[in-house]
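Here is the structure we will look at, set down as structure tokens.
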Amino acid sequence: MELTFVRYQATAPNARGRYPGIFALANGLAKGGRLRDDDWASWRTANDHYDAAYTDPSTVDGSIYDPHINPSAQSWFKGSATHLLAGVSFYTDLLSRYDIGWEVLHSANPGKILYEDDVQVVVAPY
């Protein structure tokens, strides 16, 4: 069976021409003070859960998201990470409530792998 990868990202590019992932989009809402208090509390709880559930690649390789070293780095979940994918709906619902466009991508080969663990890869897209 072929391994598939899943990415949730913005539908529109940011100022640098990149498509931020849903965690970056939600974090931007929170850090920008745009979330209602109840949404902020739920976002914080969800982020705490994900922070505990899997490794932040930048804690293993500090250059992984460096815009000068890996300017196009993207994170993708492995399709087998169903326990993590199940909670993504919180983020997609949050973004939709705040009119932030998002989309889901699936790929068997999203790019050159820069980092990999049991639930995710960070790639330089082809």
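Bear in mind that the values in this text are calculations on the coordinates, not laboratory data. Here the structure is a predicted model, which means the values were calculated and not measured. Cβ coordinates were reconstructed from backbone atoms using ideal geometry, including for glycine residues, and neighbour counts include every protein chain displayed.
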- Query: For Thr11 and Leu85 in the same chain, what is the full-extension length gain: residue separation times 0.36 nm, less their Cα-Cα distance, in nm?
  - Reply: 24.7 nm
- Task: Between beta-carbons, use under 12 Å as the cut-off and find the net charge around Thr45, counting Lys and Arg +1, Asp and Glu -1.
- Result: -3
- Descending packing, highest mean Cβ count within 10 Å first, for 94-105, 74-85 is 74-85, 94-105
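First measure r as the distance between the Cβ atoms of Ala30 and Asn109, then evaluate 1/(1 + (r/R0)^6) with R0 = 35 Å and state the FRET efficiency to the nearest 0.05.
Efficiency at R0 = 35 Å is approximately 0.60.
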- Tail beyond 27 Å, pair distance distribution of the chain (Cα, percent): 15
